1. With each run of n ≥ 4 DSSP H residues scored as -39500 (n - 2.57), what mean residue ellipticity at 222 nm is computed for the chain after dividing by its residue count and rounding to the nearest 500 deg cm²/dmol?
2. Taking only protein heavy atoms into account and a 1.4 Å probe, give the accessible area per residue of the chain in Å².
3. With a 1.4 Å probe and every protein chain kept in, tell me what percent of the accessible surface of the chain is carbon plus sulfur.
4. So if I place +1 on the C-beta of Lys and Arg and -1 on the C-beta of Asp and Glu, and nothing else carries charge, what would the dipole magnitude of the chain be about its Cα centre? I want it in debye, nearest 20.
5. P(r) for the chain: what percent of alpha-carbon pairs falls in each 10 Å bin, starting at zero?
6. What list of ³J(HN,Hα) couplings, whole Hz, do you get for the stretch 138-143 from phi and the Karplus terms 6.51, -1.76, 1.60, once you set θ to phi - 60° and write x for glycine and proline?
7. Quick one: helix 32-44 against the long Cα principal axis of the chain, what's the angle to the nearest 10°, folded into 0 to 90?
8. Under a Cβ-Cβ cut-off of 13 Å, what is the net charge of the residues other than LEU61 that fall near it, where Lys and Arg count +1 and Asp and Glu count -1?
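The values are calculated or read from the model by the stated rules, or taken from the named source; none is laboratory data. Computed from a predicted model, the values in this text were never measured in an experiment. Glycine also receives a Cβ, built like all others from the backbone with ideal geometry; neighbour counts cover every protein chain displayed. Ligands, DNA and RNA are stripped out before the accessible areas are found, and what is left, the full protein with its side chains, is counted by its heavy atoms. Shrake-Rupley method; radii C 1.70, N 1.55, O 1.52, S 1.80 Å.
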Amino acid sequence: MIPHSDATAPPSDYRLLVPRDWFRIDLTQDRWRAQLKTFVDHQAEGRGAPAETKQEVWVTLRNTAEAGVRNGALEFFLKPELDDGGILPASLIVSLIPRTGSLTPDGLRASFEARGGTDAQDTEVSIIGLPAGETVRIRTPTTMDLYVQMPGAVGYLVLGFAIPLGGTTGPMYRLCSAIGESLRWIV
């Protein structure tokens, strides 16, 4: 007999479909810096990238990963943008934000809109429905963050996409949206 899943039960894990050519770094393990260095070295190899560019990319990605770890990041996926020969990748950081109250997606959207900021005219904040649940989407010209409400009122799983070269209007944006739509809970 297959047990009946309770849509309000907290999930034990999640499943996310990410293309095979995206490099995965497990940020819950101590070896993530070495994995990140391997990625940068591999991307710079054979491209004639100056040492300064390689170092700049390494520092940028390391700082991104360190900030993610401080904020509950679980995984870091990297997909190089190969069209212009550059080595700056598109990326996805998956983070867990435990719920500290009864912040609904409407409340979360309102708090993001209230913050505004200097680039508020270039930022779109909306609520969308994904198969995994109600989601607050924050979209700028080069980023998309999906705050997916977790079942059981345990918090939000955040999918933070950075698309520095392709932007959030082209094919890479559609791919990132498809990755977000693939999220499923394991209960």
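1. -9500 deg cm²/dmol, from helical runs alone.
2. Working: 10280 Å² over 187 residues.
Ligands and nucleic acids excluded, the figure is 55 Å² per residue.
3. On the way: 5430 of 10280 Å².
For the chain, the apolar C and S fraction of the accessible surface comes to 53 percent.
4. Numbers: 18 positive and 22 negative charges, 68 e Å.
Dipole of the chain, to the nearest 20 debye: 320 debye.
5. Percent of Cα pairs in each bin: 9, 34, 35, 17, 5, 1, 0.
6. Once θ is set to phi - 60°, the couplings for the stretch 138-143 become 10, 10, 10, x, 10, 9 Hz.
7. 50
8. Details: positive: ARG33, LYS37, LYS54, ARG62, LYS79; negative: ASP41, GLU56, GLU66.
Once positives and negatives cancel, what remains is +2.
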